[in-house]
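Everything below concerns the one structure shown next.
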Amino acid sequence: TIGGAQISAYKDLASSNYVIVALNPGSTVVTQQFNLNGFPAIAATPSITPWITSYTQSLAAQPPITNVGASFTFSIQPSSIVTFVGTPLVTTPTGLIATPGNSKVNLTWNAVAGATSYYVKRATVSGGPYTNVASTSATSYSDTGLAQQTTYYYVVSALIGGGQSTDSQETSATTPVVY
């Protein structure tokens, strides 16, 4: 019990996703400050979403709390439970290299620690819009069946648990003419 609220926290070691559960069993509002010590990825958390359960709400999502740093404050209504769900920001893949081949482009990139898979995205114009062409757990992909003498633009994003990174820097390759 901290400041009138009963609090517990849980972290998924595989993904670094976490939840903080705060119970206010009392009859008055508890304004609670949460100090996020022991959460190594907290500085990279873009937001935390509170979900309220009470007599009138059942896991009702609330607007995200943004710009979370080492702590945040929240007012917990009487006789309610608030579950705060945080997904740390996933590191963006780096080192994307595209190598053209006969009707294909071979891609490689650096691994992101903890990533379970990657989305490979392609466009025919620089800057997109990009289309997902593959989901892979490897740090390489061969995009086949491509048109000859065409420039393709690629980005890759990483996934960890429920979180997805921003897109990598774009790279491109032009498939050769094959006679």
By the mean-Cβ-within-10 Å protection proxy, highest first, 147-158, 123-134, 47-58 rank as 147-158, 47-58, 123-134
Cα centroids of the stretch 115-141 and the stretch 71-114: how far apart, whole angstrom? 14 Å
Roughly how many debye, to the nearest 20, is the charge dipole of the chain about its Cα centre, given +1 on each Lys and Arg Cβ, -1 on each Asp and Glu Cβ, and no other charges? 80 debye
What is the percent of Cα-Cα separations in the stretch 57-152 that go past 19 Å? 60 percent
Solvent-accessible heavy-atom area per residue, rounded to whole Å², over the stretch 60-179 at 1.4 Å: 50 Å²
With the contact rule set at Cα under 8 Å and sequence spacing of 6 or more, what percent relative contact order holds for the stretch 111-167? 42 percent
Taking the structure as given and computing Kirkwood radius over Cα pairs in Å, which label from (i) 18.8; (ii) 19.4; (iii) 16.3 fits? (i)
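The values are calculated or read from the model by the stated rules, or taken from the named source; none is laboratory data. Remember, predicted model here, so these are calculated numbers, not experimental data. We place every Cβ from the backbone using ideal geometry, glycine too, and count neighbours over all the protein chains shown. Accessible surface is based on the protein model in full, side chains and every heavy atom, while ligands, DNA and RNA are left aside. Shrake-Rupley method; radii C 1.70, N 1.55, O 1.52, S 1.80 Å.
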